[in-house]
Amino acid sequence: MNQKMGALVLQSAAEFTPAIANQTLADWAGEAIVDVSVAALGEGVGLMSSIARAELTLASGGKRSVIVKVIAQTENVGISKELNFYSNEVNFYRHLADQCPVPVPACLFVDIDPETQDFLLILEDMGDAAAGDQIAGCDSALMEQAFVRAGQLHGRFWDKTTQFDWLRYQNVPELNQFRRDAIFKPGVAPTQEMFPHHFRGNLAEVVTKIGDQFVEIFERAMAGPQTVIHGDYRIDNMLLPIVDGQTEIVAVDWQNTTGGKGPHDLAYFASQSCEPEIRAAKEMEALKIYHEILIDEGVKGYSFDQCVEDYRLNLLITMITPIAICGTLDAGNERGVSLGEVILVRSLDALEVMDCAALLD
């Protein structure tokens with residue numbers, strides 16, 4: 001535990017003791033917390049934070065539970081801090097969560113050490129049954145709802161990001177070069193060697209060109225009015241409770257909350273969380289619904305044709321995720337291999353169907 005400069009933060013969720021629980025959750029619990037049992041959640045690939053469920057025993061004998069999130073317990077902690085993931089999420093819950101039109105878990109406590117980015121985030125527990133699964137994907141109704149929710153988020157903050165002086169932006173030249181040189185280009189050859197059968201036609205050449213032109217494509221994809229984007233908008237970062245008989249999206253993991261171009265979230269979701277036949281059949285209709293929501297929210301000077309082009313450009317740059325995963329896979333990590341292959345197949349199909357190669361030089 002670290003309370004330097006007044007920050008109440010933990011190095012590990014295992015440090016979440018009854019004393020810390022009482023210090024942070026006294027008002028919420030309404031009575032003393034006499035015992036805490038912590039169990040890790042989210043075992044798998046690419047965790048940029050450590051997440052656990054804390055089962056609380058109250059003085060009356062009652063039981064309650066919360067979700068505790070702290071820094072990663074892996075080598076990912078360094079890059080997470082370098083990319084400001086922890087401060088991004090803390091700032092989202094401090095400054096934007098109550099304005100966000102997308103449902104999010106209630107934040108019960110949040111604090112961060114501004115020097116180290118060690119943090120403590122405590123959220124309401126919405127249960128395991130509601131968790132989305134990226135490998136399983138989604139149906140067309142959920143895809144449409146994801147576009148609707150994104151439209152509400154992007155429309156709310158369209159061209160208003162300068163109101164938030166803490167907000168960082170996706171389009172940063174040095175970061176774009178880092179993405180190209182340290183992540184995308186080194187991952188292309190290993191990905192093609194591991195999954196050569198998925199690079200049909202000219203897709204191998206297309207993906208290589210994306211790496212070569214990544215900085216220029218990224219700047220084109222992010223050009224124009226900025227809005228608040230989730231930045232990691234995929235079904236694994238959604239809880240899906242049933243509300244009034246309908247599945248509802250509750251978005252979690254706001255670590256990549258930044259200023260950016262709205263269709264980035266759409267491309268990320270559609271190309272990596274939807275099976276090809278569902279995406280291809282639904283994406284133009286869903287894009288029209290998204291664009292109509294933007295107009296209803298007061299967005300002006302943004303045509304549907306421009307929206308489609310931005311979507312296609314962002315399909316190119318969101319290829320970085322399957323390339324990053326597949327290019328560094330541990331063959332012994334079965335879920336990692338499955339997830340990498342699934343999102344690679346979906347992303348390559350999206351490039352092909354939407355003729356994204358035509359946008360390359």
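The values are calculated or read from the model by the stated rules, or taken from the named source; none is laboratory data. Fair warning: this is a prediction, and the values are worked out from it, not measured in the lab. Cβ placement follows ideal geometry from the backbone for every residue including glycine, while neighbour counts extend to all protein chains displayed. We work out accessible area using only protein heavy atoms, side chains counted, and drop any ligands, DNA or RNA first. Shrake-Rupley method; radii C 1.70, N 1.55, O 1.52, S 1.80 Å.
In the chain, which longest range has no trypsin sites (Lys or Arg not before Pro) that are both DSSP loop (not H, G, I, E or B) and surrounded by at most 14 other Cβ atoms within 10 Å?
It works out to 1-159.
Binning the C-alpha pair distances of the stretch 265-322 at 10 Å intervals from 0 yields a P(r) profile of 22, 52, 23, 2 %, listed from the shortest bin outward. Bridgeable aspartates and glutamates around Lys160 (alpha carbons under 13 Å apart, same-chain partners fewer than 8 residues away excluded): Glu297.
Backbone amide hydrogens, once placed in the peptide plane, bring Cys100 within less than 5 Å of nothing, excluding anything fewer than 5 places away on its chain.
Using a/c under 1.5 as the rounded threshold, could you call the stretch 229-361 rounded, prolate or oblate? The axes a ≥ b ≥ c are square roots of the C-alpha gyration tensor eigenvalues, and prolate needs a/b larger than b/c, oblate otherwise.
oblate
Electrostatic bookkeeping for Phe92 treats Lys and Arg as +1 and Asp and Glu as -1; over the other residues with beta carbon under 13 Å from its beta carbon, the sum is -1.
Grab the Cα-Cα distance for Val34 and Leu360, subtract it from 0.36 nm times how many residues apart they are, and report the gain in nm with one decimal.
Between Val34 and Leu360, full extension yields an extra 111.3 nm.
Can you find, among Ala136, Ile210, Gly327, the residue farthest towards the positive end of the dipole of the chain? Put +1 on the C-beta of Lys and Arg, -1 on that of Asp and Glu. The Cα lying farthest towards the positive end belongs to Ile210.
Looking at the square roots a ≥ b ≥ c of the eigenvalues of the Cα gyration tensor of the stretch 31-140, which shape do they give, rounded for a/c under 1.5, prolate if a/b is larger than b/c, or oblate? Judged from the Cα gyration tensor, the stretch 31-140 comes out rounded (a/c under 1.5). Backbone phi angles across the stretch 70-76, fed through the Karplus curve with coefficients 6.51, -1.76 and 1.60 (θ = phi - 60°), yield HN-Hα couplings of 9, 4, 4, 9, 10, 5, 5 Hz in residue order; Gly and Pro are listed as x. Surface composition of the chain: carbon plus sulfur atoms hold 50% of the accessible area, using a 1.4 angstrom probe and ignoring ligands, DNA and RNA. Rounded to the nearest 500, the helix-only mean residue ellipticity at 222 nm of the chain stands at -13000 deg cm²/dmol, with each DSSP H run of n ≥ 4 adding -39,500 (n - 2.57).
What you get for the stretch 220-333, charging only the Cβ of Lys and Arg (+1) and of Asp and Glu (-1), is a dipole of about 380 debye around the Cα centre. Charging the Cβ of each Asp and Glu at -1 and of each Lys and Arg at +1, and nothing else, the dipole of the stretch 237-282 about its Cα centre rounds to 200 debye. Stretched out straight at 0.36 nm per residue, the stretch from Gln213 to Ile242 would grow longer than its current Cα-Cα span by 6.1 nm. Note on Glu205 and His95: their simple-model spin labels are 4.6 nm apart, each label 7 Å out from Cα toward Cβ.
Compute the Cα gyration tensor for the stretch 40-105, then decide on rounded, prolate or oblate, letting a ≥ b ≥ c be the square roots of its eigenvalues: rounded whenever a/c is under 1.5, prolate when a/b is larger than b/c in the other cases, and oblate in all that remain. Here the stretch 40-105 falls in the oblate category.
Backbone phi angles across the stretch 284-290, fed through the Karplus curve with coefficients 6.51, -1.76 and 1.60 (θ = phi - 60°), yield HN-Hα couplings of 5, 4, 5, 5, 5, 4, 4 Hz in residue order; Gly and Pro are listed as x. In debye, nearest 20: dipole of the stretch 62-123 around its Cα centre with unit charges on the Cβ of K, R (+) and D, E (-)? Roughly 400 debye for the stretch 62-123.
Here's the list of lysines a cross-link from Lys288 could span, going by alpha-carbon distance under 21 Å and ignoring same-chain residues fewer than 8 apart: Lys261, Lys300.
Angle of helix 263-273 to the longest C-alpha principal axis of the chain, folded into 0 to 90 degrees and rounded to 10: 90°. Looking at the chain, the accessible area is 41 square angstrom per residue; that uses a 1.4 Å probe and ignores ligands, DNA and RNA. Computed 3J(HN,Hα) for the stretch 178-193, one whole-Hz value per residue from the Karplus formula 6.51 cos²θ - 1.76 cosθ + 1.60 where θ = phi - 60°, is 4, 4, 5, 7, 9, 10, 6, 4, x, x, 5, 4, x, 5, 5, 6, glycine and proline marked x.
Residues whose amide H falls under 5 Å from that of Ala131, counting only those 5 or more places apart or on a different chain, are Leu240, with hydrogens built in the peptide plane.
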